[in-house]
Amino acid sequence: MQHLRSLFDIEVHELQRILAASLSLKQRLAAGERPPILERRVIALLFQKPSLRTRVSFETGMAQLGGTSLFLGEEVGWGKRESPVDFTKVLGQFVDAVVCRAKKHEHVELLAGFNAMPVINGLTDLCHPCQAMADVLTVRESLGGYKDKHIVFVGDGNNVAQSVALCTAMLDMRFTLVCPPGYEMDSDWLRRIADRYPKAIIESATDPHRAVADADAIYTDVWTSMGQEAEMAARRAAFANFQVNEQLMASAPSHARVLHCLPAVRGEEITDAVIDSKQSDVIRQAGNRMHAQKGLLVWLLNRKWIDDHVQVD
Ligand code: CP
Ligand code: NVA
């Protein structure tokens, strides 16, 4: 049973196939084609936290592929009405896959552990693999490839940063996290990346202006993630010098692109002038969520279509 609990669940050549399929499906959509590759397939979206992009991009992507999706919020009583084993095995008889957005990463692991259907991580406290796939697609479109491209992440070393770091390691890109002390990436996560990808170039820094000097893309995320609201004041103070603003952009090369996973707190981690600038890819990046996930869904549920239709460069 193939899951995507994190990008550690797939090999580099599999990621490359998913990304190639995503780009191919994006081109077909632009040409007006919506091939029914997942006709009558059904996925469930099991979400414990709010979402715009993840929810809507999986639902629309699935519809464009000829399948359908069910949104399951609090009303299904996940973790409350019945045991996890009964819940998961029953759900697995109805749906072809489940996308899970969970407060704790262990919930995604638990769901996947029953092998009742493929489980896709739709964001946990640990990582956000679907986001990272869309991000590297966006970099490829803007900068012409993956190899050696340097993403400088200015902000919190949590879920989004951790996934992007792993994804860049898989594609021979470079990654730097620049953050205040105490907000670094999880050391176990970094050790796992180093063990699996010994050539990975992942660095950390504390001076944003120096860190962005050779950036190809500058990425930021909210200072206070969902569930961390009680820490908001402390985080605002800690990250005060880590805003992506015009002064910081002046320290970066003129070709550097701007990324943000969204939702953003405009005026906090990023200013209007930067997020709305010509260097910003933020809106296309959000749109790429759907294209990346279509590639992932086809890879999980109808891999033969990729074998027959997609060439990996
Ligand atoms: N970037 C992202 O996952 O957005 P949502 O929280 O709206 O799904
Ligand atoms: N780090 C953010 C990402 C939202 C897509 C959060 O977890 O809330």
Being within 28 Å of residue 173 (Cα to Cα) and either at pLDDT 95 or above or within 16 Å of ligand 2 (Cβ to nearest atom) (or both) narrows it down to one residue among 90, 99, 95; which is it? 99
Cβ pairs under 9 Å, 6+ apart, first in segment 51-77 and closer than 12 Å to residue 37 by Cα, second within 13 Å of ligand 2 (Cβ to nearest atom): 61/289
Look at segment 1-11 and say how many of its residues are within 16 Å of the chain's Cα centre (by Cα) and either farther than 15 Å from residue 295 by Cβ or in a helix (DSSP H, G or I) (or both). 6
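Given 178, 244, which one is in contact with a Ser or Thr (Cβ under 6 Å, 6 or more places away or on another chain), closer than 26 Å to residue 283 by Cβ, β-branched (Val, Ile, Thr) and at pLDDT 95 or above?
Result: 244 is the single residue among 178, 244 that is in contact with a Ser or Thr (Cβ under 6 Å, 6 or more places away or on another chain), closer than 26 Å to residue 283 by Cβ, β-branched (Val, Ile, Thr) and at pLDDT 95 or above.
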Run down 61, 73 and say which single residue is among the small types (Gly, Ala, Ser) and in contact with a helix residue (DSSP H, G or I) (Cβ under 6 Å, 6 or more places away or on another chain). 61
So, of the residues in segment 54-72 that are within 16 Å of ligand 2 (Cβ to nearest atom) and surrounded by fewer than 21 Cβ atoms within 10 Å (Cβ to Cβ), which turns out to be farthest from residue 119 (Cα to Cα)? 56
Only one of these is under 15 Å from residue 301 (Cα atoms), away from ligand 1 (no atom under 16 Å from the Cβ) and either at pLDDT 95 or above or part of a helix (DSSP H, G or I) (or both): 62, 117. Name it. 117
Counting only residues that are surrounded by fewer than 24 Cβ atoms within 10 Å (Cβ to Cβ) and in a helix (DSSP H, G or I), how many does segment 269-287 have? 9
Only one of (1) within 16 Å of ligand 1 (Cβ to nearest atom); (2) buried (at least 20 other Cβ atoms within 10 Å of the Cβ); (3) of a type in the set (Phe, Trp, Tyr) is not met by residue 87, so which one is it? (1)
Check segment 162-182 and report whether any residue there is within 12 Å of ligand 2 (Cβ to nearest atom), charged (D, E, K, R), outside any loop (DSSP other than H, G, I, E, B) and in contact (Cβ under 8 Å) with a residue 24 or more places away in the chain. no
Filter segment 102-154 down to residues that are away from ligand 2 (no atom under 12 Å from the Cβ), charged (D, E, K, R) and touching a residue at least 40 places away in the same chain (Cβ under 8 Å), then give me how many there are. 4
Output the number of the condition that residue 85 fails; it satisfies all remaining conditions of (1) in contact with a strand residue (DSSP E or B) (Cβ under 9 Å, 6 or more places away or on another chain); (2) away from ligand 2 (no atom under 16 Å from the Cβ); (3) not hydroxyl-bearing (Ser, Thr, Tyr). (1)
Please give the number of the condition residue 184 fails out of (1) crowded, with 16+ Cβ neighbours inside 10 Å; (2) farther than 30 Å from residue 216 by Cα; (3) among the acidic types (Asp, Glu). (2)
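The values are calculated or read from the model by the stated rules, or taken from the named source; none is laboratory data. Keep in mind the model is a prediction, meaning the values are calculated, not measured. Cβ coordinates were reconstructed from backbone atoms using ideal geometry, including for glycine residues, and neighbour counts include every protein chain displayed.
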